[in-house]
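Notes to accompany the following structure.
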Amino acid sequence: MKWIKIGMPVLMILISLTFLIGSFAIPKATLGNPNGPSYFPIGLSVLMLVLSIVYLFNELKTLKAFHEGIKDLMDKKTLRLIGFTIILGVIYANIFERVGFFVSTLLFLGVLLFYLNGMKKWLINIVVSISFSFITWYGFSQLLGVSLP
Amino acid sequence: MEGFMEGLLTAIEPINLFWIVLGGFLGTVVGMLPGLGPATAVAVLIPVTFGMDPTSAIILMAAIYYGAMYGGSRSSILLNTPGDGSAIAATFDGYPMAQKGQAGQAMAISAVASFIGGIIATFGFIFLAQPLANFALKFGPAEYFLLMLLTLSAIVSLSIGKMIKGFIAMCLGLLLSTVGIDPQTGIHRFTLDNPHLSEGIDFLIVIIGVYAIGEVFYNFLTINKEKKSQDKKSNMGKVWFSKEQWKRSKWPILRSAPLGFIVGVLPGAGGSIASMISYSTEKQISKKPDEFGKGAVEGLAAPESANNAASVGAMIPLLTMGIPGSGTTAVMLGALIMLGVRPGPMLFENDPGMIWGLINSMFIGNIVLVIINILLVGLLVKVLKTPAKVLYPLIIMLAFIGTYTLSYSTVDFYLLLIFGVIGLLMKVMDFPIAPLVLALIVGADMEQNFRMALVSSNGSVSIFFSSWISVVLLILTVLSLFYPLIMKLFLNKKSAN
């Protein structure tokens with residue numbers, strides 16, 4: 001639990017530092033004020049950096065306090081579910097254009113439903129996957145004129 | 001009057017009537033389902049609006065928004081679980097009413113209260129929008145910049161107890177909005193020589209990522225914890241209220257509508273705050289304050305009227321100034337920009353048909369919704385039992401397809417997942433999401449206005465103090481920053497008394 005509590009502010013500090021360093025690398029403008037494009041990013045990244053440091057100290061003060069959200073997140077089942085969905089999403093991205101919209105969506109939806117809803121409800125899972133894959137395909141490609149692979 | 005009739009004709013076109021009914025129904029459903037709100041619904045449906053006429057698109061999105069205000073209280077009353085933030089106040093007295101066997105009456109009074117709130121607010125819209133648009137014509141770049149600053153600081157400081165995190169989210173949103181080619185000088189910023197990044201980060205992907213994927217991931221945290229015992233026999237009783245109940249609710253409803261409307265118009269505040277203020281106001285002026293929280297019918301009616309009125313009011317700054325005051329209206333702005341519509345004072349000059357079409361659609365939509373929410377109560381209760389485990393995969397699927405229609409590229413699927421995880425982490429760590437999204441959408445405009453103001457004054461910051469409008473906006477911004485402190489002092493004093 002502790003590392004997430006510290007990790008989040010540290011991540012924010014890193015993001016603001018990245019933007020701050022990046023801001024100084026912005027080339028000078030040839031039009032108008034040469035530093036015009038970098039004022040806004042510099043100001044904001046400094047502000048974000050300061051706030052993130054304050055946030056870090058706030059978290060350090062309450063490091064031992066119980067946080068229900070983190071506990072729920074760190075639950076093995078939850079992590080597995082989120083990880084599974086992400087991996088499935090990556091596979092979906094890779095097969096979407098290759099095997100076409102209908103088949104890839106049917107697989108994506110079907111596998112996710114079976115994982116989440118359980119094998120016992122196989123009938124609902126199959127009916128929902130097929131009908132919703134078809135409805136979205138029909139709605140987008142036929143009614144809205146979106147060209148789908 | 002001419003505009004009104006023209007708008008009425010637009011709104012009753014069959015296709016628009018279809019969008020009103022569909023939007024209202026969908027809004028009711030997502031409003032009802034715990035964990036999903038109007039912002040998620042609009043975000044998921046953004047791709048559907050692409051092929052649409054902009055007027056139909058705004059009619060649909062608005063219907064989802066106020067539909068969610070009707071729906072939110074269904075689950076507050078029946079399950080003691082608010083569908084979204086604006087429905088929290090409805091649990092205070094709505095659920096106790098249901099426990100007393102008055103669920104049907106609670107459903108009916110809340111639908112009627114929402115209806116009256118919505119209609120009164122639509123009249124408010126007619127009277128306030130045009131003058132506000134005319135007033136906004138006086139705004140120069142400096143005033144616009146300050147107005148955006150005020151909106152952002154208000155939305156952060158109203159997320160009480162999360163101010164630091166809110167400002168971090170805001171800074172992050174603003175920084176992300178600077179990625180890409182600077183429109184004033186053509187200089188590449190933070191693009192890492194990647195052509196995909198030179199067009200900037202597509203805010204619609206961020207919106208769909210945090211509001212659809214992030215929300216579903218967040219709901220995964222509790223998906224296996226749901227109590228099974230909630231499947232009580234839904235003994236609704238009669239779905240209408242008694243004369244006595246109406247007598248008690250009448251004035252609270254009528255008082256809360258203008259209150260909610262004004263709160264909705266204010267930057268940063270929305271339905272959640274409107275309903276809370278109206279609840280506590282009614283409790284304070286009630287002759288029977290002890291009955292509040294134990295099933296007082298006016299304690300349910302008042303916030304329901306207020307939150308629906310607020311959702312109508314929130315449309316005003318969006319359309320007259322192009323500045324959204326809440327998460328949902330920010331998402332709506334994103335969709336409108338995609339459709340090539342730039343909301344702002346000129347919209348009233350250039351496209352009055354759109355505004356009047358929207359106004360009329362809100363009258364019709366509220367009538368449709370009160371009917372749906374009273375007559376179809378049985379169906380809605382069934383929908384409420386839809387297993388979340390079936391619903392969430394569908395939302396994720398729609399989010400992916402919506403993203404695909406934005407750029408016809410599956411590369412964005414990865415971005416979508418990344419922002420989904422960012423949204424999840426922010427929710428877990430109690431970061432408010434709205435400041436991030438709002439900042440990302442108004443960020444580019446905010447910076448351009450800031451720099452244009454400085455160019456016009458030859459670099460002198462005095463431009464930000466030069467008009468009375470600027471000064472007022474600055475004072476309000478400072479006040480909004482100290483608002484949490486002021487509230488704390490006020491509450492301490494009150495408890496000391």
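Before moving on, here are some points about what is shown:
- Looking only at residues of the stretch B:22-47 that are hydrophobic (A, V, I, L, M, F, W, C) and outside any helix (DSSP H, G or I), we find that the one that is modelled with the highest pLDDT is B:Leu33.
- Taken together, B:Lys427, B:Lys493 contain a single residue that is part of a helix (DSSP H, G or I), touching a Gly at 6+ places or on another chain (Cβ under 9 Å) and charged (D, E, K, R), which is B:Lys427.
- Residues located in the stretch A:131-149, provided they are within 9 Å of chain B (Cβ to nearest Cβ) and loosely packed, with under 13 Cβ neighbours inside 10 Å: A:Leu143, A:Gly145, A:Ser147
- Qualifying residue in the stretch B:406-417 (condition: touching an Asp or Glu at 6+ places or on another chain (Cβ under 9 Å) and within 7 Å of chain A (Cβ to nearest Cβ)): yes
- B:Ile395 vs. criteria assigned to a helix (DSSP H, G or I) and either more than 30 Å from A:Ile135 (Cβ to Cβ) or more than 9 Å from chain A (Cβ to nearest Cβ) (or both): yes
- Residues of the stretch B:423-448 satisfying the condition of being under 30 Å from A:Gly36 (Cα atoms), surrounded by 20 or more Cβ atoms within 10 Å (Cβ to Cβ) and at the interface with chain A (Cβ under 10 Å from one of its Cβ atoms): B:Ala439, B:Gly443, B:Met446, B:Glu447
- Output for the stretch B:1-21, where each listed residue is of a type outside the set (A, V, I, L, M) and not in a helix (DSSP H, G or I): B:Glu13
- Residue match in the stretch B:91-98 (condition: under 14 Å from the mean Cα position of the chain (by Cα) and of a type in the set (Val, Ile, Thr)): no
- Selected residue (criterion: farthest from B:Ser407 (Cα to Cα)) from residues of the stretch B:168-185 that are in contact with a Ser or Thr (Cβ under 9 Å, 6 or more places away or on another chain) and surrounded by fewer than 24 Cβ atoms within 10 Å (Cβ to Cβ): B:Thr185
- Only one of the listed residues (A:Leu144, A:Leu148, A:Leu73) is farther than 25 Å from B:Ser407 by Cβ, in contact with a helix residue (DSSP H, G or I) (Cβ under 7 Å, 6 or more places away or on another chain) and modelled with pLDDT under 90. That residue is A:Leu73.
Per-residue answers, yes or no, for (1) buried (at least 18 other Cβ atoms within 10 Å of the Cβ); (2) more than 29 Å from A:Leu60 (Cα to Cα); (3) of a type in the set (A, V, I, L, M, F, W, C):
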{"residue": "B:Tyr408", "(1), (2), (3)": "no, yes, no"}
{"residue": "B:Val411", "(1), (2), (3)": "no, yes, yes"}
{"residue": "B:Met452", "(1), (2), (3)": "no, yes, yes"}
{"residue": "B:Ser462", "(1), (2), (3)": "no, yes, no"}
{"residue": "B:Leu474", "(1), (2), (3)": "no, yes, yes"}
{"residue": "B:Met487", "(1), (2), (3)": "no, no, yes"}
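- Filter result (at pLDDT below 90, over 26 Å from B:Ile273 (Cβ atoms) and assigned to a helix (DSSP H, G or I)) within the stretch B:466-490: none
- Verdict on A:Leu79 being at negative phi, of a type in the set (A, V, I, L, M) and not in a helix (DSSP H, G or I): no
- Some residue of the stretch A:99-106 being of a type outside the set (Lys, Arg), within 17 Å of B:Leu398 (Cα to Cα) and within 9 Å of chain B (Cβ to nearest Cβ): yes
- Those residues of the stretch A:14-48 which are in a helix (DSSP H, G or I) and surrounded by fewer than 19 Cβ atoms within 10 Å (Cβ to Cβ), in sequence order: A:Leu14, A:Leu17, A:Thr18, A:Leu20, A:Ile21, A:Phe24, A:Tyr39, A:Ile42, A:Gly43, A:Val46, A:Leu47
Table: residues versus (1) more than 7 Å from chain B (Cβ to nearest Cβ); (2) touching a residue at least 60 places away in the same chain (Cβ under 8 Å).
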site	(1), (2)
A:Ile4	yes, yes
A:Thr30	yes, no
A:Asn35	yes, no
A:Ser52	no, no
A:Leu56	yes, no
A:His67	yes, yes
A:Ile70	no, yes
A:Ile82	no, no
A:Ile87	yes, no
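- The listed residues are B:Leu204, B:Leu197, B:Leu221, and the only one of them that is in contact (Cβ under 8 Å) with a residue 24 or more places away in the chain, within 30 Å of B:Ile323 (Cβ to Cβ) and not acidic (Asp, Glu) turns out to be B:Leu204.
- Taking the stretch B:400-426 as the range and being at pLDDT below 90 and under 14 Å from A:Leu148 (Cβ atoms) as the test, the residues that pass are B:Ile401, B:Gly402, B:Thr403, B:Tyr404, B:Thr405, B:Leu406, B:Ser407, B:Tyr408, B:Ser409, B:Thr410.
The values are calculated or read from the model by the stated rules, or taken from the named source; none is laboratory data. What you are looking at is a predicted structure, and each value in this text was computed from that prediction instead of being measured. When we count neighbours, we look across all protein chains shown, and the Cβ atoms used for this are built from the backbone with ideal geometry, even at glycine.
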